[in-house]
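Okay, structure first, notes after.
The values are calculated or read from the model by the stated rules, or taken from the named source; none is laboratory data. Just so it is clear, the model here is predicted, and its values are computed rather than measured. Cβ: placed from backbone, ideal geometry, glycine included. Neighbour counts: every protein chain shown.
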Amino acid sequence: MLEPLRRIVQEVNAAPDFSAVLEIIVERVKHAMHTGMCSVYLLDRATNRYVLSATRGLLPESVGKVAMTPDEGLVGLVASRAEPVNLEHAETHPRFAYFPETGEEKFSSFLGAPIIHQRDVLGVLVVQQQERRRFDESEEAFLVTISAQLAGVIAHAQATGELARTTSPEADAGPANIYAGIASAPGVGIGRAVVVSSPADLYAVPKRRSEDTEGELELFRHALERTQADVHSTKNDLKGILSTEELEMFDVYLRMLEDNSLGGEVIALIRDGFTAQSAWSQIIIEHIRTFTRMESEYLRERASDVRDLGRRVLEHLQQTARPVQVYPQDTILIGEDLAAPHLAAVPFDNIRAMVSVRGSHNSHMAIIGRSMGIPTVMGAVDLPWAELEGHLVIVDGHMGHILIDPSPEVERAYQEVFRKEQDLAADLLGTRDEPSVTASGDAISLWVNTGLRVDTKLSLEMGAAGVGLYRTEIPFFLQERFPSEEEQRVIYRDQLTMYAPRPVTMRTLDIGGDKALPYFPIKEENPFLGWRGIRVTLDHPEIFLAQVRAMMRASEGIDNLRILLPMISSVQEVDSSLALINRVYTELTVEEGYRIRMPKVGVMIEVPAAVYQARELARRVDFLSVGTNDLTQYLLAVDRNNPRVAALYHAYHPALLKALRDVVRDAAAMNREVSVCGEMAGDPMGAVLLVGLGYRTLSMSASNLLRVKAVLRQLKTAEMTVIAARVCELPDASDVKAELQRTLDRPGIARLIRSDRPVQQANRH
């Protein structure tokens, strides 16, 4: 039954909407299993009943009218047990329930499979047969497989409101314009959506309109001409290699591009006001769906040809399109997979929030969002992002919600939340010139993590005492090639000068994992355990040497440079790196005459191996810096970008706390500086823990600095030490968080500890 399964999956993926998916399922499953009936029952959460939502074999007028609870009927039995039920004589089962309005009295045998998504039973898929029949194991496995395929589609429909409208069409389906993602950078952003897309991706083209119809028509015709020329050229090149029949496919391509075929449909849509790219993608996607649904295997395979042709034309459209992108003053930046270049293109004062369909709380763009104080939501997998251009959007970075075209009442409620946040930020400015000390007078150095030039001003305004992490990979992301040594020197000099005399810790190039350069892609099955960080640059010493030379040359006369080595897992990597750094220093000072002071060199503690070798590493370098983001990921074996397990990622996990305690102890034993530059340092509760564990230098997003300072100034060091010792003995991260919240729930501190309470209040309006 592999072929029917493959076809059903193809048709479901190509379906234009949820209703079409249900119709495809019941029709195709009934046909594939040679049964008299196939039906889908979906859970209506408002009533906790499973509603007949689509059928082939029962009376059509019963759809939407027949429903049963988990304690009622055989459908309820499947749902309550969360496993298949296979009966040859269904009418004799004690849970059998007869609904005359369905016309099911003629059916005897029954097979039902639960539709489960992340442990939640969303519905039941049922087949019934008039003749007495015990469905065999292969048939049961087929139905279970179809149910598993359907689960993801139903979950998406649930998120978008389509499921509610299907199970209760006469009722108000509720706020279908609220979409869930992963809260990644706190705050509220209100503004207009600007959608950015990936090149030559038909499904990533936003639905944009244009008033310049003639201009768009000209762009489209030019793209068609270039594509036609490409097809002619390819055909001529392959003459004598392909058969006459195979070459005829190129003639099909050419005919499809004519005005009386695809081209004509697109031109009509452009005249209706759509851009050339948007019109082309809409028409091509519709034709792909049409071919996918065809009975003939040969014709179904032609869907790939249409897709290929679509990409060819889109590439030319994107190359010739006017590269003018307008970013309004209240830009909400939305994309399938946002990257640093997308953000860099937006004037900093215009950005209000970011939303990415892919990624998680600790993806690279989420970290940048927190660093720059931009409310950010990642992993919004159900968001119809390509259709949002120009829509009013509210991004709730506290709860991970995206609201599309909210009501005036909801918008006013969020405006009030935003106002309160601004008031708190204004109040915190009063602590900017206060010393960074605990209530008992112990000094705590508060540094910043940075990477973009635009956040330097904010960092200095917040009173940063230095830079604990300068992400050198960001300038690399903004290039179309590896930047030269001189180009790097200019960038680094700028940073060192602006922060002088404060120390600036520059991390050597850290790519790999979820950070791949567009011109140096790294494709691996398991990128976080693969070629990344120091492993890449040691394998490419030319990159490492050029970068270190640029850093040292940039530091001449300023002498505030510190060099940080990422992703260290062995002393051999440190020794090799130090040999190259010393070589550069000798070349510059002895051979080339630069007057440079040897910078301090440190290593990042990011993997368990580095935790257990902290003393050996400390013997070789001047300081240690703990990167809690990766360290948490590796200690807990959680891919922070995987939405299935992202909830298991927790910076308060007792294993991480004990690892942090061990590192600060070993650094002290070797009389070495030690700091934290991970996200935990910018969390007020996390900062309390870190100071309690013995850390006296914390590096964080500039937007969090004053909040952390205000909390630490209200607590004595000894009190934080007691808190840290107590929570380290707790068994679970949730227990640690609850204890911290209870302990710190006191006047003057509670409102500085970010919570979802203000946002929940706003949602109740």
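Miscellaneous remarks
- Only residues that are touching a helix residue (DSSP H, G or I) at 6+ places or on another chain (Cβ under 7 Å), in a strand (DSSP E or B) and not β-branched (Val, Ile, Thr) were counted in the range 103-126, giving 10.
- Against the test of being among the aliphatic types (A, V, I, L, M), over 22 Å from residue 594 (Cβ atoms) and touching a residue at least 60 places away in the same chain (Cβ under 8 Å), the options 446, 460, 496 yield a single qualifying residue, 446.
This table checks each residue for (1) modelled with pLDDT of 90 or more; (2) basic (Lys, Arg); (3) under 13 Å from the mean Cα position of the chain (by Cα); (4) surrounded by fewer than 17 Cβ atoms within 10 Å (Cβ to Cβ).
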{"site": "320", "(1), (2), (3), (4)": "no, no, no, yes"}
{"site": "334", "(1), (2), (3), (4)": "yes, no, yes, no"}
{"site": "340", "(1), (2), (3), (4)": "no, no, no, no"}
{"site": "351", "(1), (2), (3), (4)": "yes, no, no, no"}
{"site": "362", "(1), (2), (3), (4)": "no, no, yes, no"}
{"site": "366", "(1), (2), (3), (4)": "no, no, yes, no"}
{"site": "371", "(1), (2), (3), (4)": "no, no, no, no"}
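- Of all residues in the range 695-723 being crowded, with 21+ Cβ neighbours inside 10 Å and small (Gly, Ala, Ser), the one that is nearest to residue 373 (Cα to Cα): 703
- Taking each residue of the range 520-537 that is in contact (Cβ under 8 Å) with a residue 24 or more places away in the chain and looking for partners that are surrounded by 22 or more Cβ atoms within 10 Å (Cβ to Cβ) and assigned to a helix (DSSP H, G or I) with beta-carbon atoms closer than 6 Å, six or more apart or interchain, yields 537/544.
- Condition broken by residue 412, with the remaining ones in (1) under 21 Å from residue 474 (Cβ atoms); (2) in contact with a His (Cβ under 9 Å, 6 or more places away or on another chain) satisfied: (1)
- Selection within the range 45-54 - surrounded by 20 or more Cβ atoms within 10 Å (Cβ to Cβ) and in contact (Cβ under 8 Å) with a residue 60 or more places away in the chain: 50, 51, 53
- Counted as qualifying within the range 453-557 are the helices (runs of 4 or more DSSP H) with 2 or more residues that are in contact with a Pro (Cβ under 9 Å, 6 or more places away or on another chain) and closer than 26 Å to residue 345 by Cα, namely 473-477, 485-499, 541-555.
- Selection status of residue 690, in a helix (DSSP H, G or I), buried (at least 20 other Cβ atoms within 10 Å of the Cβ) and touching a residue at least 60 places away in the same chain (Cβ under 8 Å): no
- Residue match in the range 621-639 (condition: under 36 Å from the mean Cα position of the chain (by Cα), on the phi > 0 side of the Ramachandran plot and outside any helix (DSSP H, G or I)): yes
- Applying a threshold of 8 Å to beta carbon distances and a minimum spacing of six or more residues, or different chains, the list of pairs starting in the range 1-14 at a residue that is in the same structural domain as residue 139 (by TED's automatic domain parsing) and modelled with pLDDT of 70 or more and ending at one that is of a type outside the set (Asp, Glu) and outside any helix (DSSP H, G or I) reads 11/293.
- Of the numbered criteria (1) among the hydrophobic types (A, V, I, L, M, F, W, C); (2) surrounded by fewer than 21 Cβ atoms within 10 Å (Cβ to Cβ); (3) over 37 Å from the mean Cα position of the chain (by Cα); (4) within 25 Å of residue 138 (Cα to Cα), the one residue 90 fails is (2).
- Residue in the range 105-126 that is among the hydroxyl-bearing types (Ser, Thr, Tyr) and in contact (Cβ under 8 Å) with a residue 40 or more places away in the chain present: no
- If the condition is being among the hydrophobic types (A, V, I, L, M, F, W, C) and either touching a Lys or Arg at 6+ places or on another chain (Cβ under 9 Å) or not in a loop (DSSP other than H, G, I, E, B) (or both), then the range 721-733 contributes 722, 723, 724, 725, 727, 728, 733.
- Residues that are outside any loop (DSSP other than H, G, I, E, B), at pLDDT 80 or above and more than 17 Å from residue 318 (Cβ to Cβ) within the range 233-275 comprise 264, 265, 267, 268, 269, 271, listed in sequence order.
- Residue within the range 200-207 that is touching a His at 6+ places or on another chain (Cβ under 7 Å), within 26 Å of residue 366 (Cα to Cα), modelled with pLDDT of 65 or more and of a type in the set (Gly, Ala, Ser) present: no
- Matching option when the condition is in contact with a helix residue (DSSP H, G or I) (Cβ under 6 Å, 6 or more places away or on another chain) and not in a loop (DSSP other than H, G, I, E, B), among 616, 587: 616
- Checked against the criterion of being under 37 Å from the mean Cα position of the chain (by Cα) and modelled with pLDDT of 90 or more, the candidates 29, 85 yield just one match: 29.
- Candidates 421, 434, 389: the one that is within 29 Å of residue 359 (Cβ to Cβ) and at pLDDT 85 or above is 389.
- Residue check for residue 282: at pLDDT 75 or above, among the polar types (S, T, N, Q) and surrounded by 22 or more Cβ atoms within 10 Å (Cβ to Cβ): no
- Looking across the range 437-492 at every residue that is within 23 Å of residue 694 (Cα to Cα) and under 26 Å from the mean Cα position of the chain (by Cα), the one that is surrounded by the most Cβ atoms within 10 Å (Cβ to Cβ) is identified as 448.
- Residue match in the range 699-720 (condition: within 26 Å of the chain's Cα centre (by Cα), more than 30 Å from residue 563 (Cβ to Cβ) and either part of a helix (DSSP H, G or I) or at pLDDT below 95 (or both)): no
- Residue 184 meets each of the listed conditions (1) modelled with pLDDT under 70; (2) outside any helix (DSSP H, G or I); (3) not acidic (Asp, Glu) apart from (1).
- Residues of the range 34-79 satisfying the condition of being in a helix (DSSP H, G or I) and modelled with pLDDT under 90: 60, 61, 62, 73
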